[in-house]
Amino acid sequence: MGIATINPATGELLKAFEPLTDAQIEDCLSRAQQAFEQYRRLPMEQKAGWMQNAANILETDAEKFAKLMTLEMGKPIKSAIAEAKKCAVVCRYYAENAAQFLANVSAESDASHSYVRYEPLGVILAVMPWNFPFWQVFRFAAPALMAGNVGLLKHASNVPQCALAIAEIFTQAGFPEDVFQTLLIGSDKVAQVISDDRVKAGTLTGSEPAGMSFASLAGKHIKKTVLELGGSDPFIVLESADLEAAVQTAVTARMLNNGQSCIAAKRFILASAIADEFERRLAEKFQALKIGDPMAEDTDVGPLATPEILQDIDKQVKTSVEKGAKVLIGGQPLDQPGNFYPPTILSDIPPGTPPYEEEFFGPVALMFRVSNLDDAIKLANSTVFGLGASAWTTDEAERDRLISELDAGAVFINGLVKSDPRLPFGGIKRSGYGRELSIQGIHEFVNIKTVWIK
Ligand code: NDP
């Protein structure tokens, strides 16, 4: 469908954009490189001031930005407002902490003085998805810009107005022209940009095929990448857990963003003793959620972002059911305009079906039962993904085993897996590599330069 805003709640095409021509792409690259030469030399305090301004703009105009997100990709407006405000938090976090994260570090050696200094790499390309159209970009841009890099954003083709608004925020905040540019290009032009000598590194958040293609190209040109790909996060509930708290969190963990989150809980691994009760209470809470117009304040679940995402989830559910899985609630797209799919629960899932192997990017909770902790950990780890894991227990020994034995980039005990600027975020296995946020995030796109003085 090209680069366009299509309302996912109605299917209506609202605005289409012409992709940049090759000559325009060349111009953007050249301006980005020129901007870097100046920008890298500016003092940290100046960059921090602009980043604080960006935070203020995000907070002041949170509702305006939220409406754009909801219009283009369908997340409920209350989540979109929260997203804009969270972007302000990450801007402030790096404005306040970048100087400390990037300060020289002395190291003892045979030199009279040796130390490590952190320098920017240059132009960084960010290929970003539509699911958190502001947050995914700001969590890259805040540390990258504070480190002295400049950013090029290739956003998902269904959120062009969000992409343009983000570039405008950085300009309004006072950052010099071309320090952050949005390139309205399709994925077919990404190869050209990442291969260009002026682009020094890249980051991609999205699907496995996109990550594979992007990292292969970057690898061919010896460029560093960070990949944040899919997940099939486990949500383990053991017998000793606070069941009501677990069920309540399970609803948020699965339904946030209409179920389209890489760190959403997707596979619910339940101790047999509490499984019936957990499923009963979860079904009750899912059925109480309000599905509908994502612009309405009281909507809990809006439409999926695109007809393709709807088709994918529908096919995954149908294939699972054909192979023997049971539908507890939901299971069919809603018969109305827009990409609406209801909260759904699948249980009695036979091995060899999509829930064991694929990411379910929509409001579908997958139920599994285990008889002991060993089996819970084994099942949790039996996927190609390794992003986050949430585990519920009040037993200390169980807790310690879960922390050390779950194969994931993050383990949350008795809580919702979430991103937080103060904590590193990223995955292992086919969920990707590298880390965003925290001190680790700002160190991804810097030259860690060793200095040795006789
Ligand atoms: P994609 O991975 O296709 O899109 C994410 C971004 O990558 C977009 O900017 C897209 O551009 C770009 N892109 C796509 N293909 C390539 C490529 N070969 N080389 C370089 N860039 C590329 O995700 P979809 O929107 O198609 O969603 C499909 C599935 O991906 C979902 O069902 C979900 O499983 C997973 N996903 C995971 C996300 C996460 O947060 N981890 C986020 C989004 C999706 P364009 O839009 O122009 O194609």
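The values are calculated or read from the model by the stated rules, or taken from the named source; none is laboratory data. All figures in this text were calculated on a predicted structure; none of them were measured in a lab. Cβ atoms come from the backbone with ideal geometry, glycine included; neighbour counts cover every protein chain shown. Accessible surface areas use protein heavy atoms only, side chains included; no ligands, DNA or RNA. Shrake-Rupley method; radii C 1.70, N 1.55, O 1.52, S 1.80 Å.
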At most 13 other Cβ atoms within 10 Å and a DSSP loop assignment: could you name the GluC sites (Glu not before Pro) in segment 289-380 that fit?
297
For residue 433, net neighbour charge (Lys/Arg +1, Asp/Glu -1) across residues whose Cβ lies under 15 Å away:
0
Partner lysines whose C-alpha sits under 16 Å from that of residue 290, ignoring same-chain residues fewer than 8 away, are 75, 78
Between segment 314-335 and segment 64-124, what is the C-alpha centre distance in whole Å?
40
Can you sort 433, 115, 341 by solvent-accessible area, 1.4 Å probe, largest first?
433, 115, 341
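Determine the relative contact order of the chain: mean sequence separation of Cα pairs under 8 Å and six or more apart, normalised by residue count, in whole percent.
Value for the chain: 19 percent.
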Normalised alpha carbon radius of gyration of segment 114-189 [divisor 2.2 N^0.38 Å]:
1.15
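What fraction of the DSSP beta bridges in the chain is antiparallel, stated in percent and rounded to the nearest 5?
Antiparallel: roughly 35 percent of the beta bridges in the chain.
Tell me the relative contact order for segment 131-239 as a rounded percent, counting alpha carbon contacts under 8 Å between residues six or more apart.
Rounded, it is 20 percent for segment 131-239.
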The base-10 log of I(q)/I(0) that the Debye equation returns for segment 292-351 at q = 0.15, 0.23, 0.24 Å⁻¹, one scatterer per C-alpha, is -0.48, -0.93, -0.98
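Give me the percent of the accessible area of segment 260-336 that comes from carbon and sulfur atoms, probe 1.4 Å, all protein chains in place.
Of the solvent-accessible surface of segment 260-336, carbon and sulfur hold 49 percent.
Give me Rg/Rg_expected for segment 32-92, where Rg uses Cα atoms only and Rg_expected = 2.2 N^0.38 Å with N residues.
1.40
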Heavy atoms only, 1.4 Å probe, whole protein assembly: order 41, 139 by accessible area, highest first.
41, 139
Under 14 Å from the Cβ of residue 230, count the other residues' Cβ atoms, weight Lys and Arg +1, Asp and Glu -1, and hand me the total.
-3
Using just the Cα positions, wrap the chain in a convex hull and report its mean projected area in square nanometres, one decimal place.
22.6
Given 104, 341, 147, which one lies farthest toward the positive end of the charge dipole of the chain, if we put +1 on the Cβ of every Lys and Arg and -1 on the Cβ of every Asp and Glu?
104
Tell me, in nm to one decimal, what length is gained between residue 189 and residue 384 on full extension, where the rule is 0.36 nm per residue of separation less the Cα-Cα distance?
67.3 nm
Projected label distance in nm at residue 336 and residue 114, using a 7 Å step from Cα toward the beta-carbon:
6.7
Cα-based helix-to-principal-axis angle, 44-60 vs the chain, degrees rounded to 10
40
Whether segment 230-362 is rounded, prolate or oblate, judged on the alpha carbon gyration tensor where a/c under 1.5 counts as rounded:
oblate
Explain nothing, just the number: relative contact order of segment 355-454, from Cα pairs under 8 Å at least 6 residues apart, as a whole percent.
21
Under a Cβ-Cβ cut-off of 10 Å, what is the net charge of the residues other than residue 189 that fall near it, where Lys and Arg count +1 and Asp and Glu count -1?
-1
Measuring from the longest principal axis of the C-alpha atoms of the chain, the long axis of helix 208-220 (C-alpha) lies at a number of degrees, nearest 10, equal to 30
Would you calculate the convex hull of the Cα atoms in segment 6-160 and tell me its volume per residue in Å³?
130
Over 31 Å (Cα to Cα) among 47/429; 224/323; 47/67; 200/266; 326/378; 429/449 -> 47/429; 224/323; 200/266
MRE, 222 nm, helices only [DSSP H, n ≥ 4, -39500 (n - 2.57), over the chain, to nearest 500]:
-13000 deg cm²/dmol
Nearest 0.05, what FRET efficiency do residue 40 and residue 280 give at R0 = 51 Å with Cβ-Cβ as r?
0.30
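For segment 73-124, rounded, prolate or oblate, judged on the Cα gyration tensor with a ≥ b ≥ c (square roots of eigenvalues), a/c < 1.5 rounded, else prolate if a/b > b/c?
Details: a/c = 5.20, a/b = 3.23, b/c = 1.61.
Here segment 73-124 falls in the prolate category.
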Grab the Cα-Cα distance for residue 18 and residue 100, subtract it from 0.36 nm times how many residues apart they are, and report the gain in nm with one decimal.
25.3 nm
Rounded to two decimals, what is the ratio between the C-alpha radius of gyration of segment 84-212 and 2.2 N^0.38 Å?
1.18
Largest-first principal axis extents of the Cα set of segment 150-229 (Å)
36, 27, 20
Compute the helix-to-body angle for 396-405: its Cα long axis versus the longest principal axis of the chain, expressed 0 to 90° and rounded to tens.
60
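Which whole-number value in Å² is the accessible area per residue of segment 305-454, probe 1.4 Å?
The answer is 47 Å² per residue.
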